[in-house]
Amino acid sequence: MSPGAGDDTGDLVVEARDLQLRFGGVTSLDGVSLRQRRGEILAVIGPNGAGKTSLFNCLTGAYRPQHGSVTFWPSSGRPAELVGRRPHAITRLGVARTFQNIRLFPALSALENVQIGTEVRQRYGAVSAILGLPHARRAERDGVRRAGELLDLVGLGHRTHELAASLPYGEQRRLEIARALGTGPGLLLLDEPAAGTNPAEKRDLAALITRISGTGVSVLLIEHDMTLVMSLATSVTVLNFGRVIAHGTPGEVQRNPAVIEAYLGVADTTGDAAPAGGVDAGTRKELR
C-alpha cells in the first residue's frame, strides 16, 4: 500500500502524514507521508540530501516539522502523536534509534552501555538508588540481566566487560543497536547501520536485523548499501528532494523509472530493470 493510502490502521506501527520541514528558505521535507506495518522491515532510501535523516529526526523528536503529524501505535495502549513530544518521551513510548555516527560511551563497558538503555524503563529515583532500597536493587539486577541478554542477541556476549572504545568498529555498531533495544522499543530506527562496515560485517548485520524483526520489533532503516536493502527490506520508500517518489517492494522500486533517474541521473528508456544488486549498483554513490 502506498504511504497515506486508505484508512486501515489496524496493523500500523507508525504513520507520518504530510510532513513539511523547512530551515529558512531550504525545504528539507515537502509533504512526506509514510506508513509502516507492524513487524515490517521498511527501508528509506534516496540520493544525498533527499531528506532521509530529517525524516528520522522528525519521527524521534529531534526536529519539529512546521506541518504534519506522526502517529505511533505502541504494542499496548492507545496511539500517540509524536510531533511536539521530546525525544526522551518518544523513547519511553517505544521508539528507539541509532545514528549515522556511533554515539557510545567509550569509557564504559559493553554491558554498562546497554544498561543505560534499560534504565529508560526503570521506575526508581536517585534517592532510592542512593539508599539501596530493595526495589532499586531489584530493578538494577533486572537491568543487568536484560543487558546481558541483548549482548547475546547481537553477538557480543563475549565482550560484556570490555570497554566500548576497545571494540572493533563493526562490533561498536552492534553495541549501539543493543543499547537502543535496551529501551524496549516497538519500533527501531537504524540510521545507516552498515556505514563503514566490511562485507562480512554487513552479512552479520543483515542476520541481526532479521533476528530483531523476529522478536516482534518493527525496523525502519536508512541505508545506502542497495544490495543490503534489496535483500533485507520488506518494503522500500524512496525520497528525492524532500518528497516521496516511490514506495513498494524492493523489486518494484528497482524497476521504477523515477527511482532510476534519481540515482543514475537518466531515465531507463529501455524498460529494463535496474542493474543487478540495486538501483545504484553501477555508481555506488554515497548516500546520507
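Side notes on the structure shown:
- Answer residue from region 241-280, given it is buried (at least 22 other Cβ atoms within 10 Å of the Cβ) and on the phi > 0 side of the Ramachandran plot and is modelled with the lowest pLDDT among those: Gly278
- Test: Glu223 is of a type in the set (D, E, K, R) and modelled with pLDDT under 90: no
- Residues in region 26-47 that are part of a strand (DSSP E or B) and either at positive phi or in contact with a helix residue (DSSP H, G or I) (Cβ under 7 Å, 6 or more places away or on another chain) (or both): Ser28, Leu29, Gly31, Val32, Ile41, Ala43, Val44, Ile45.
- Check on Ile177, in the same structural domain as Leu82 (by TED's automatic domain parsing) and either within 25 Å of Glu15 (Cβ to Cβ) or surrounded by fewer than 22 Cβ atoms within 10 Å (Cβ to Cβ) (or both): no
- Pairs where the first residue, in region 208-237, is in contact (Cβ under 8 Å) with a residue 40 or more places away in the chain and the second is basic (Lys, Arg) and part of a loop (DSSP other than H, G, I, E, B), C-beta under 6 Å, 6+ apart: Ser218/Arg38
- Complete set of residues in region 48-69 that are crowded, with 17+ Cβ neighbours inside 10 Å, out of contact with any helix residue (DSSP H, G or I) (no Cβ under 6 Å at 6 or more places or on another chain) and outside any strand (DSSP E or B): Ala50, Gly51, Lys52, Thr53, Ser54, Leu55, Phe56, Asn57, Cys58, Leu59
- Selection of first residues in region 97-120 that are more than 22 Å from Thr53 (Cβ to Cβ) and modelled with pLDDT under 95 and of second residues that are surrounded by fewer than 15 Cβ atoms within 10 Å (Cβ to Cβ) and β-branched (Val, Ile, Thr), restricted to Cβ pairs under 6 Å at least 6 apart or on distinct chains, gives an empty result.
- Test: residue in region 229-238 that is in the same structural domain as Thr53 (by TED's automatic domain parsing), assigned to a loop (DSSP other than H, G, I, E, B) and touching a helix residue (DSSP H, G or I) at 6+ places or on another chain (Cβ under 6 Å): yes
- The listed residues are Leu167, Leu181, and the only one of them that is of a type in the set (A, V, I, L, M) and closer than 22 Å to Phe56 by Cα turns out to be Leu181.
The values are calculated or read from the model by the stated rules, or taken from the named source; none is laboratory data. No experiment lies behind these values; they were computed from the predicted model shown. Every residue, glycine among them, receives a Cβ derived from its backbone with ideal geometry; neighbour counts consider all protein chains shown.
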